[in-house]
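In what follows, a single structure is set out as structure tokens and then discussed.
What follows draws every value from the coordinates through simple rules; no lab data is involved. Computed from a predicted structure; not experimentally measured. Here the Cβ positions follow ideal geometry from the backbone for every residue, glycine too, while neighbour counts run over all protein chains shown.
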Protein chains: 2
Amino acid sequence: MTSDESSDGPATDRAAFDALVEASFAVQGLLGRTADRHRLSLTQLRLLGILRDREPTMLDLARHLQLEKSSASGLIDRAEQRGLVIRKPGAQDRRTIRVAITPDGRKLIRRTERALAQPAAELLAPLTPRQRRQLTGLLRDLLGPDPLPSS
Amino acid sequence: MTSDESSDGPATDRAAFDALVEASFAVQGLLGRTADRHRLSLTQLRLLGILRDREPTMLDLARHLQLEKSSASGLIDRAEQRGLVIRKPGAQDRRTIRVAITPDGRKLIRRTERALAQPAAELLAPLTPRQRRQLTGLLRDLLGPDPLPSS
DNA sequence: TATTGTTATACTCTATAACTATA
DNA sequence: TATAGTTATAGAGTATAACAATA
């Protein structure tokens, strides 16, 4: 396999990407199952996560979640009906509304995040602490800087 | 073990899991966008990937995709209407049917996989070849053996 | 005119429950 | 009775297009 490794673009890339795809399904499955147990969809879990420390407009939200604005409307409709978020009138621009998490929503996201700790630990169990740090570093290099804080 | 490593569960775990979650959204987004361009949902992409080298029964398929059997029925209905898969009668047990990919389905999954190579390479671009191999190794340790070949 | 958000409509994906056919 | 699969039904999530209110 030395010739493999010396030329090592395509095969290495393919293996790395396949591993990432498998890992992504494992992680999404874990997130989805945990959210499900708390009667949340994955999208709603992301929504509440975003709203923990922000009160974005509908358009901000749609951009963060990569949704059409009409899809964001429906998402907020359903979350609002469940009492997890509220629509608040925008201050300057009266066309806008701001979406805020409610105390109930905050409780739910906290509970769900706590519940996430155990399956997360189980997922990471096969790795040593050193390997976990290595993995974190590699994934951070892969992902680059977090885009959310800026916008 | 240094004192760092002996204490270092929760914070390290949290950072590693957060990085995995972010990476999973990045990978799923990439997969979803590429599938979308080929008029496939993520589930259909997985379906065709499974069918490349298997002719599972509906129940096998439901298990592989972690779906209820009725959900698998609908999924196959839609894929069959598009000519991507066919239902074939099962051999011994006449209650079963086997799902097979069609030539059109095979063409489509091939095209989609080829289209995936470029964004995959872009995603991996920040890592050196050595880092890619490291990442692959870590993720394989994390995921354990592939469960599909056995079942 | 342009932008923000909602509504109307349609489709995919998913689940639960009831059903048919075969074992 | 038990299992494999389908159908009926419902709801979430998503998109496109048309619309209202505000800028």
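Remark: region A:87-102, residue by residue, has Karplus-estimated 3J(HN,Hα) of 8, 10, x, x, 6, 6, 7, 7, 7, 8, 10, 10, 9, 10, 7, 8 Hz, where x stands for each Gly or Pro and the curve is 6.51 cos²θ - 1.76 cosθ + 1.60 at θ = phi - 60°. The three principal axes of the C-alpha atoms in chain B carry coordinate ranges of 63, 33, 23 Å, sorted with the longest axis first. So what's the angle, to the nearest 10 degrees on a 0 to 90 scale, between helix A:69-81 and the longest Cα principal axis of chain A? Value to nearest ten degrees: 70. Cα gyration tensor of the protein assembly as shown, axes a ≥ b ≥ c as square roots of the eigenvalues: rounded (a/c below 1.5), prolate (a/b > b/c) or oblate? Oblate, since a/c reaches 1.5 and b/c is not below a/b. Springs join every pair of Cα atoms under 10 Å in this Gaussian network model of chain B, and among B:Asp104, B:Asp60, B:Asp141 the largest mean-square fluctuation is at B:Asp141.
Ordered by the number of other Cβ atoms lying within 10 Å of each residue's own Cβ, fewest first, A:Thr34, B:Thr43 fall into the sequence B:Thr43, A:Thr34. Charging the Cβ of each Asp and Glu at -1 and of each Lys and Arg at +1, and nothing else, the dipole of region A:21-142 about its Cα centre rounds to 360 debye.
Distance between the pseudo-spin-label points of B:Asp18 and B:Ala115 (7 Å out from Cα toward the beta carbon): 3.5 nm. Put the Cα centre of region A:12-38 next to the Cα centre of region B:82-117 and the gap is 24 Å. Stretching B:Lys88 away from B:Ala11 to a fully extended chain increases their span by 22.5 nm, per 0.36 nm per residue minus the current alpha-carbon distance.
Which net charge results when you count Lys and Arg as +1 and Asp and Glu as -1 among the other residues whose beta-carbon is under 12 Å from that of A:Phe17? Neighbourhood net charge equals -3. If you fit an axis through the alpha-carbon atoms of helix A:42-51 and take the longest principal axis of the Cα set of chain A, what angle between them do you get, 0 to 90°, nearest 10? So the inclination is approximately 70 degrees. What residue among B:Ala79, B:Ala115, B:Ala19 shows peak mean-square fluctuation when chain B is described by a Gaussian network model with Cα springs under 10 Å? It is B:Ala19. Modelled this way, with points 7 Å down the Cα-to-C-beta line, the labels at B:Glu80 and A:Ser71 are 2.9 nm from one another.
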